[in-house]
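Single-structure report; data block below.
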Amino acid sequence: MLETKAPTGFALTFYRWKKNLKTPTPYLMTFGIALWIGTYYLFCEGWELPRFNKIPGPYVVITEWLSRKPAWGISLFTEDYHGHIVASCRRIVIAFGIATGIGVPLGLFMGWSKKFKDYSFPILETLRPIPILAWVPLAILMFSGLETPVIFLATLASLFVTTLNTLLGVESIDDSYFRAAKCLGAKSSDIFFHVVVPGSLPFIFTGLQISVGVAWFSLVAAEMVSGEYGLGYMIVDAYMNITYVSMVIGMLTLGFAGWFTSALVRWAGNRMMQWRVRALALEGR
Amino acid sequence: MSEATLDIKNISKGFGEFWSREEIILDFSLTVHAGELLVLVGPSGCGKSTLVNLVAGFDRPDTGKILLNNKEITSPGHDRMVVFQETALIPWQTTVQNVMFGPLLRGESREKILEEANRLLDKVGLGEFKEKFPIQLSGGMQRRAELARAMINHPDLMIMDEPFRGLDAMSRELMQEFFVRLFEETGRTNLFVTSEIDEAIFLADRLVVLSNRPTSVRKTIEIKLPRPRDFLMLRETEAYEYKKEAMELLHEEAIKSFKTSGDRRDFLTAVSKKTG
Amino acid sequence: MASGTNLSIKKRSKFERAISSLTFWRGVVALLGFLVVWEICSRMERWTAEYQVVEHLIAGNETDINKVVNEGDVLYATIGEYGTELNANREMLKAWNEKNSPMTLKDFTKSFVQQINKEFKTHSANVMERDNNLFLIIIGNKPEAFKTEMTLNDKELAGDMKSEAFKIAVPWIGKVPPPTEVVEAWTEIIGLPGYWESWYLSTGRVFVGFLVAQLIGIPFGLALAVNRYFRDIFFPPFEVLRPIPPLAWVPASIVFWPTTEMSIAFVTFLGAFFTIVINVLGGAQSIDVRYLRAAQSMGATQWHLFSKIILPGTLPSIFTGAAVGMGITWEVVLAGEMISGGGGQQASGGLGFFIWSSYMGGTVAQVIVGMISIGIAGYLSSSLIRFIGDRSMPWRRLF
């Protein structure tokens, strides 16, 4: 049997890379992106088709984004831009933190105690179908200032997702684990900390990933309707001041921020659930 | 009596990148004669399923040839029917739709097929469950439905990949009995893969004990029990001798596999597969 | 089986089973308790508060939002409790008169609003454009006492306002009108055709956007799943655009499309589209390879594999995606209606606009009526999808 030493680190990356380059995939992907940007460029800047010419094309957006002295006031080097990003991220961190801090224990308790679930679940289910946007006026009334309502809305959206996913996680745990724990003489609290919590972790992290996405979604909505800073506000402000280039920059920044935070949560989840990742890897998945 | 012969000629198959490449099957040859029920037994993870995939045509060997009636197998086809380890009944079709699926795909006339499907379902004892979905059938019923689905295609070769695994002891025995009757009636060439020795001896004309990876034929045992078979035969000294011989061979292979796997990862893989 | 009434097992309806379970009654108790707590919390302030009159004044003299405010124009406001005065606007006015740089009334009002929000913890302010007029909305913590809506058209507008001298207020929930008032408000408007028209308009928008998203999203997702080259080319741009929240598209969409209606429809479509495509793709890729192999070995062609295995196998994911997409669609339609309704565009009606205009009009109870209505509408539409899903996937329904 042929046994060669497995390459590691850079050599492995290089090998995979080389192998990948032999398939059409990387070329097609590059072509796809190029096709998209090309179409976008031609429609908006090249041919200036009617209606498309109102939307800033990729060239203008990129040059503006990278320019040190932006014509419309927003670029990578302006403080306004940084301020908006920091404001939004700060809100997300607070909202996500509060939602996780309340939602995970709430969901765990709901799954752990039937009585608690019976009392709390109907209220949750009654409030859940109401879209977050519909809460905007009420949030403005309930909380003074501009910052708190925005954070409240993002928190609320995340909270529903996190709680429900945690509850699902607890309910997905096989009954035999509970029985086994009881047979081994576990107390109720032991079951909670050694069965309920670790058993529902995979679901909790799936929930957290969705919850970050939902938090961004509602944060943008809230910032657009009421707000002073933040990426959502930046987009609306650019729209009102007819600086459409900044508007597109705002959209792209939002996309990147959303992608980045959910990648971060995924990474954290994988770190915390090493046992599960290993199990999956051993099964060859 | 079916006239189909399966010839496996010096095939090899391996997986993995160059540094971790492992040959699952290396220079393996085997012949299944026409109208024969050949049973393959081997230690778990020895490459039985890989072999089944190759014969079925889902995968191609790296080297060597597989011939069915002297024609090389290059792709899946309805001259070979596979019954898988877990049920592969299509969940969104009722039992009778599942059975009729193959012939209908090939554009055969509906009335004729329906008639034959009904006959087959009655034969496997599922007459009352025609309009049920697979999820509503018990494990044993699902296997019988699958047998009916395979038989309606009149394959030259039936390939059974541990088909009764996961059934409870009772329905397993019933299914074995049912299957052996079916075989004795139709005499279709059959390649049966299992890890249960009792099952193997009960069914087989010839029993092939496989070695550990890379798979090769460790020994071929002719099972000379008379047909029609019944379970009492398993208690006779003859059957006991077969069992003892096969058990010893298998045990040796299993020990070997444990010793050779110096790599801890292999051992973990084996363990996680068993538990998961 | 009428023999022996003792032996016959009566098949109970879902409802009968529900009312005999403890869970059901606990739920009822919880919801009633929720309503009672809400009622008490929001009544608390009213029961305990005493009011006092304070002065409230705001004035301006510009009508055209794009026109420059002239030098010497007077714009000032006095607002607050016990004589607290907002002087910042006068300073600002001075500064801008000194610089002599033209400043639109809108810009001025915006900074004014920011100033109010900074200075007064008890009030929040907002600017709104409608029918070419600027509205300045100043809202106190106690809605009835402090809410008013003023036009900058009027040369001078003074109003008497109430302020509380003493109160025991429950934070947050205390500011929400009690459930009894909500019910009252609901009974008032339930007979009005306007209310039902908002239902009709919003539902129409949701379903148009949703259906278009399904019609384009499902084939696109299936194509991504089935054809490797198609996926390699079109998936990367899709993945770049997907993380952008649908609402961030609203302004761009308003710029691009000629009418508000079309821009709402476009954003609605986008919101559902990404979810549906991802679900279809994931669903099609997770189909068990055994089914494909079984079909292949029975002589299925590529088209058979697609129509008999991949398509029905993807159905569950299609319906999951549709249910999630439906929720997003409602959210987006609502946002579109609120933003376009509140942004000086054509008032386009719908439940979102109903909420926004109730909020602007200061009838907070109606805001809650609107919220509940949307909740019901959203729930009904996702139930409809679940119902259709159950019907078209009988193999998942039966046990």
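Please treat every number below as a calculation from the coordinates, not as lab data. All values reported here derive from a predicted model rather than from experimental measurement. Neighbour counts run over all protein chains shown; Cβ positions are idealised from the backbone, glycine included.
Brief remarks on what is shown
- Built amide H within the under 5 Å cut-off of residue B:216, gap 5+: B:211
- Dimensions of region C:188-397 based on its C-alpha atoms, expressed as ranges along the principal axes with the largest first, amount to 68, 38, 21 Å.
- Relative protection proxy for C:234-245, C:380-391, from highest mean packing down: C:234-245, C:380-391 (other beta-carbon atoms within 10 angstrom).
- Cα-Cα separations in region A:79-282 greater than 25 Å, expressed as whole percent: 45
- Once the Cα atoms are used to define both axes, helix A:25-41 deviates from the longest principal axis of chain A by about 50 degrees.
- Reported to the nearest whole Å, the Cα centre-to-centre distance from region A:238-268 to region A:142-202 is 30.
- Rg to Rh, two decimals, where region B:149-218 supplies the alpha carbon set and Rh follows Kirkwood: 0.97
- For region B:76-133, applying the loop criterion from DSSP together with a ceiling of 10 other beta carbons within 10 Å to the chymotrypsin sites (Phe, Trp or Tyr not before Pro) yields no site.
- Sorting C:338, A:142 by the number of Cβ atoms found within 10 Å of their own Cβ, with the fewest placed first, yields A:142, C:338.
- Compared with the direct C-alpha span, the chain from residue B:252 to residue B:168 gains 27.5 nm at full extension, assuming 0.36 nm per residue.
- Net charge, residue B:115 excluded, C-beta distance under 15 Å - Lys, Arg +1, Asp, Glu -1: +1
- Peptide-level mean, for B:48-57, of C-beta atoms on other protein chains within 10 Å: 1
- Cα centroid of region A:59-112 to Cα centroid of region C:367-399, whole Å: 33
- Separation of alpha-carbon centers, region C:223-285 and region B:95-126, rounded to whole Å: 43
- Extension gain, residue A:240 to residue A:76, is 56.9 nm, computed as 0.36 nm per intervening residue step minus the present C-alpha separation.
- Peptide C:249-258 has a mean of 5 when you count, residue by residue, the C-beta atoms of other protein chains within 10 Å of its C-beta.
- Amide N of region B:177-209 lying under 20 Å from the label point, which is placed 7 angstrom from the Cα of residue B:119 along Cα→Cβ: B:179, B:181-189
- Pairs over the 19 Å Cα-Cα cut-off, from the set B:123/B:224; B:13/B:65; A:114/A:187; B:71/C:308: B:123/B:224; B:71/C:308.
- For chain B: Kirkwood Rh in Å [reciprocal of mean 1/r, alpha carbons]: 19.7
- Ordered by the count of other Cβ atoms within 10 Å of each Cβ, fewest first, C:44, C:298, C:262 give C:262, C:44, C:298.
- Per residue of C:228-238, other chain Cβ atoms within 10 Å of the residue Cβ number 6 on average.
- Normalised contact order of region A:79-282, rounded percent, pairs of Cα under 8 Å and 6 or more residues apart: 26
- Gaussian network model of chain B, springs between alpha carbon atoms under 10 Å - residue of B:151, B:247, B:175 with greatest fluctuation: B:247
- Ranked C:17, A:128, criterion: other C-beta atoms within 10 Å, fewest first: C:17, A:128
- Residues of region B:46-65 with an amide N closer than 19 Å to a point placed 7 Å from the Cα of residue B:220 along the Cα-to-Cβ direction: B:48, B:51-52, B:55, B:65.
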